[in-house]
Amino acid sequence: MKYVSTRSKIKPINSAEAILQGLASDGGLFVPESIPKVSLEEIDTLKTKTYEQRAIWLLEKFLTDYTEDELGECSELAYNWFDVQRRVPLMFLVQDPKRPETVVASMELWHGPTSAFKDVALQMLPHLMRMALKKVGETKEILILVATSGDTGKAALAGFADVPQTKVMVFYPDGGVSKIQRLQMVTQVGNNVNVTAVRGNFDDAQTGVKKIFGDKNLRNELEKVGVKLSSANSINWGRLVPQIVYYFSGYVEMVKDEKIKLGDKINICVPTGNFGNILAAYYAYKMGLPVNKLICASNINNVLTEFFNTGVYNREREFFKTITPSMDILISSNLERLLYHETGGDYKRVSQYMKDLNSKGKYKIDGKLKAKLDKIFYAEYVTEDETKLFIKRIYDVFKYTMDTHTAVAVTALSKYRSSTGDLTPVLTASTASPYKFTSAVLTALGQSVDGVDDLDQITKLFDLTGMRVPKNLASLATAKVLHEDICDKDEMPDRVIKFASAGKA
Ligand SMILES: *Cc1c(COP(=O)(O)O)cnc(C)c1O
């Protein structure tokens with residue numbers, strides 16, 4: 001399997017190279033030349049496999065330049081950190097057992113080391129990268145730079161910690177992340193990790209990191225100490241491919257639990273930000289997973305809802321900060337891959353759309369393409385109040401506590417069902433532990449959080465729901481703070497050099 005760019009005709013490359021490069025040199029994203037097909041019989045064989053084995057089965061189809069042993073090692077190392085045996089378990093919310101149409105399966109993607117769905121991919125990516133380095137004969141170390149507004153930083157730290165031939169450095173805005181998010185990062189162990197606060201806001205940190213990536217002199221200096229910069233952001237193919245696995249896994253779990261029969265179609269509902277998670281569902285569908293509709297759920301930053309409903313993608317709009325921060329996004333980068341595939345690989349058109357988005361702030365797709373997207377996608381957005389109401393309603397009916405992002409998906413799903421009458425059984429992506437968003441969840445459940453410290457909120461939510469607190473969060477109160485560095489934004493390049501050359505003569 002070879003990879004090409006969404007924006008121009010390039011010489012196809014192997015997956016190892018695509019994973020190391022991250023972004024194509026024309027600014028496009030790497031996409032597989034073709035999408036492998038699987039039969040129902042093959043999907044059926046997954047029933048008896050562990051999650052790790054299902055991952056190997058899927059990865060082998062896309063990462064053909066990796067050996068089965070290598071993929072086995074990646075899968076093992078990525079998922080043995082998940083604190084449940086099934087890795088990505090399903091919780092069935094069933095209103096009436098006699099009516100399959102009342103089934104909603106909540107696919108819990110947050111049992112990894114940082115309690116967010118990004119772990120599923122970020123636990124795997126570092127190992128794919130380290131093996132890719134060997135494959136292309138690269139002897140330099142890779143330094144992963146991350147600017148974070150909270151969650152991605154911790155997930156990257158946890159993924160790259162102590163992975164050979166890699167280093168990871170995270171910048172976060174001083175005072176700009178929650179107490180829990182800060183504690184999660186500054187207590188990170190590992191001899192190749194650095195966490196530094198930046199005096200300023202998230203944009204300052206992000207602009208600083210972007211500048212470093214664009215700074216030729218700095219890159220040269222890093223080369224001299226044997227270090228190459230790279231990023232782990234969600235457009236990397238190595239982050240996308242591990243996400244396809246759980247849609248197959250979720251489907252066979254629904255079959256195993258007799259919620260559906262093999263071959264029955266399901267709807268998949270995903271709380272969407274950068275369009276990575278739902279794009280993975282789209283790949284699963286294209287490969288042959290029986291899917292009726294992909295429901296793209298957004299919060300009030302509803303640029304995708306508008307896009308799917310009107311065919312116009314317009315990022316020129318007000319930006320809202322919400323209780324679902326991981327979905328507060330106006331440019332959903334991974335959408336570019338969908339446009340590429342649905343135009344039959346028309347990179348000229350995709351490239352024009354992206355140019356328009358850059359220069360005019362928007363682009364419009366034609367009616368034919370829109371009709372194609374309509375066949376498989378449905379988009380809906382929900383307000384903050386609706387989200388909170390649903391957290392309460394789901395809790396009251398099922399005694400199931402969901403985080404705000406998952407609640408956006410379930411609320412959008414309910415709107416979809418009442419407006420279309422389509423009652424196909426649903427697999428919903430549950431993307432974070434409610435313990436990561438305690439303040440909003442407690443408020444939704446009618447509790448006051450006035451003057452209650454972040455860590456005490458965890459206890460309060462536990463007392464109320466009895467739901468197990470993830471280990472990584474339970475241990476935060478007593479974990480040792482290891483990273484207290486702070487710098488001005490102009491000092492960021494120096495800090496990078498210092499960290500890159502540490503321990504080297
Ligand atoms: C990142 C994230 C999302 C959005 O996923 P995308 O792949 O960016 O669409 C949703 N929920 C949570 C909790 C996340 O961390």
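The values are calculated or read from the model by the stated rules, or taken from the named source; none is laboratory data. Note that this is a predicted model, so its numbers are computed, not measured. FYI the Cβ positions are ideal-geometry reconstructions off the backbone, even for glycines, and counts take in every protein chain you see. In case anyone asks, the SASA skips ligands and DNA or RNA and just uses the protein heavy atoms, side chains included. Shrake-Rupley method; radii C 1.70, N 1.55, O 1.52, S 1.80 Å.
Here are the numbers:
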{"read-out": "Residue count, region 411-438 (criterion: open to solvent by 50 Å² or more (accessible area, probe 1.4 Å) and in contact with a helix residue (DSSP H, G or I) (Cβ under 7 Å, 6 or more places away or on another chain))", "value": "1"}
{"read-out": "Subset of region 68-85 (residues that are at pLDDT 95 or above and either among the charged types (D, E, K, R) or within 23 Å of Asn267 (Cα to Cα) (or both))", "value": "Glu68, Asp69, Glu70, Glu73, Glu76"}
{"read-out": "Residue in region 30-41 that is in contact with a Gly (Cβ under 7 Å, 6 or more places away or on another chain) and at pLDDT below 95 present", "value": "no"}
{"read-out": "Only one of Pro97, Pro113, Pro164 that is out of contact with any helix residue (DSSP H, G or I) (no Cβ under 9 Å at 6 or more places or on another chain) and open to solvent by 20 Å² or more (accessible area, probe 1.4 Å)", "value": "Pro97"}
{"read-out": "Condition check for Leu128: more than 22 Å from Thr187 (Cα to Cα) and either in contact with a Cys (Cβ under 7 Å, 6 or more places away or on another chain) or within 13 Å of the ligand (Cβ to nearest atom) (or both)", "value": "yes"}
{"read-out": "Residues (hydrophobic (A, V, I, L, M, F, W, C) and either modelled with pLDDT under 95 or in a loop (DSSP other than H, G, I, E, B) (or both)) located in region 2-28", "value": "Ile10, Leu20, Leu23, Ala24"}
{"read-out": "Total residues in region 127-151, condition assigned to a helix (DSSP H, G or I) and without any contact (Cβ under 8 Å) to a residue 60 or more places away in the chain", "value": "3"}
{"read-out": "Subset of region 263-273 that is away from the ligand (no atom under 16 Å from the Cβ) and open to solvent by less than 70 Å² (accessible area, probe 1.4 Å) - its residue that is farthest from Phe377 (Cα to Cα)", "value": "Gly263"}
{"read-out": "Flag if Ser332 is within 16 Å of the ligand (Cβ to nearest atom), in contact (Cβ under 8 Å) with a residue 40 or more places away in the chain, surrounded by 21 or more Cβ atoms within 10 Å (Cβ to Cβ) and in a loop (DSSP other than H, G, I, E, B)", "value": "yes"}
{"read-out": "Where Tyr347 falls short, out of the listed (1) within 14 Å of the ligand (Cβ to nearest atom); (2) open to solvent by 50 Å² or more (accessible area, probe 1.4 Å)", "value": "(1)"}
{"read-out": "Top-ranked residue in region 116-126 [being assigned to a loop (DSSP other than H, G, I, E, B) and of a type in the set (A, V, I, L, M, F, W, C); ranked as least open to solvent (accessible area, probe 1.4 Å)]", "value": "Met124"}
{"read-out": "Residue satisfying all of: in region 149-161; open to solvent by less than 10 Å² (accessible area, probe 1.4 Å) and within 16 Å of the ligand (Cβ to nearest atom); farthest from Ser439 (Cα to Cα) among these", "value": "Gly159"}
{"read-out": "Count of residues meeting criterion [closer than 14 Å to Ser149 by Cβ and in contact with a helix residue (DSSP H, G or I) (Cβ under 7 Å, 6 or more places away or on another chain)] in region 196-219", "value": "4"}
{"read-out": "Residue that is aliphatic (A, V, I, L, M), closer than 30 Å to Ser439 by Cβ and out of contact with any His (no Cβ under 8 Å at 6 or more places or on another chain), where the choices are Val186, Val146, Val136", "value": "Val146"}
{"read-out": "Matching residues, region 187-219, being of a type outside the set (A, V, I, L, M), open to solvent by less than 80 Å² (accessible area, probe 1.4 Å) and touching a Gly at 6+ places or on another chain (Cβ under 7 Å)", "value": "Phe202"}
{"read-out": "Test: residue in region 308-318 that is closer than 15 Å to Gly28 by Cα, among the polar types (S, T, N, Q), more than 16 Å from the ligand (Cβ to nearest atom) and open to solvent by 50 Å² or more (accessible area, probe 1.4 Å)", "value": "no"}
{"read-out": "Helices (runs of 4 or more DSSP H) contained in region 363-458 and holding at least 1 residues among the small types (Gly, Ala, Ser) and either touching a strand residue (DSSP E or B) at 6+ places or on another chain (Cβ under 9 Å) or outside the structural domain of Asn274 (by TED's automatic domain parsing) (or both)", "value": "404-420, 438-444"}
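Yes/no matrix, rows are residues, columns are (1) within 16 Å of the ligand (Cβ to nearest atom); (2) open to solvent by 10 Å² or more (accessible area, probe 1.4 Å); (3) at positive phi:
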site: Glu221; (1), (2), (3): no, yes, no
site: Tyr247; (1), (2), (3): yes, no, no
site: Phe275; (1), (2), (3): yes, no, yes
site: Ala280; (1), (2), (3): yes, no, no
